[in-house]
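Please read the structure below before turning to the comments.
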């Protein structure tokens, strides 16, 4: 991580996490925008952390990111168990909301890249009702192949986007940003998972009280039972953290 205001970084299972609260994360992104270079923001949760334990390329992408925020309650819990407490969870969806408001205030064009065809456009319309001053550089769905990639990047660049929200799901979105950031002009690229579907009203988000209690995973599992196998990463993460604590 280079440039911008100094931010303390801690280590969770060999992965860096920036010691920021929501205000600090927004301030960090504002600093990166002012540097006029292309940067990557990773929203780290327990599931991604466990995938990175077995995928050295994903671990490298996370380590090289300009900002890594603790997206999951499990990451915050792990920091406390390991004695390097993070101030709070910085959920990717909430960070996106804060940055959209910031973009509207500072006239930064934003680009929505990801989700199924039509969803990004619906998400933009919902956001525009709340933030009529938002400048939208463009949108594109996430279902494109390698042959279409150059055209997608040209669309991002031609719109002059300063913030690019990439909603392709982890770790695909993180790999995509890392492999293409040298071709994207002076933009902060942020992986936001399924946030477009939430903005567009396609998917419900967990109630605030469940988020505060670290039970968002349970809400997702109830709504999408097919996530059960993926959710097995959570107990594995807990065991791995406790092992590290004992070691």
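Read-outs: derived from the displayed coordinates by stated rules, not from any lab. The model shown is predicted, which means the values in this text are computed figures rather than measured ones. Counting neighbours? That spans all protein chains shown, and the Cβs are built from the backbone with ideal geometry, glycine included.
At a glance:
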{"quantity": "DSSP beta bridges in the chain [antiparallel fraction, %, rounded to 5]", "calculated": "15"}
{"quantity": "Segment residue 150-residue 34, length gained on full extension (0.36 nm per residue, minus Cα span)", "calculated": "39.2 nm"}
{"quantity": "Spacing of the two label points (7 Å from each Cα toward its C-beta) at residue 232 and residue 183, in nm", "calculated": "3.6"}
{"quantity": "Segments 142-154, 98-110 sorted - mean Cβ within 10 Å per residue, highest first", "calculated": "98-110, 142-154"}
{"quantity": "Three-way shape call for the stretch 1-69 based on the alpha-carbon gyration tensor, with the a/c threshold at 1.5", "calculated": "prolate"}
{"quantity": "The stretch 9-199: C-alpha gyration tensor shape, a/c 1.5 cut-off, then a/b vs b/c", "calculated": "prolate"}
{"quantity": "Separation of alpha-carbon centers, the stretch 11-62 and the stretch 104-175, rounded to whole Å", "calculated": "20"}
{"quantity": "For peptides 122-135, 161-174, sequence by mean Cβ density within 10 Å, most packed first", "calculated": "161-174, 122-135"}
{"quantity": "Mean residue ellipticity (222 nm) of the chain, computed from DSSP H runs ≥ 4 via -39,500 (n - 2.57), nearest 500", "calculated": "-14000 deg cm²/dmol"}
{"quantity": "Considering only the stretch 1-115, percent of DSSP beta bridges that pair antiparallel, nearest 5", "calculated": "50"}
{"quantity": "Length gained when the stretch residue 202-residue 131 is fully extended (0.36 nm per residue, less Cα-Cα span)", "calculated": "23.6 nm"}
{"quantity": "Potential lengthening between residue 105 and residue 8 on full extension [0.36 nm per residue; Cα-Cα distance subtracted]", "calculated": "32.2 nm"}
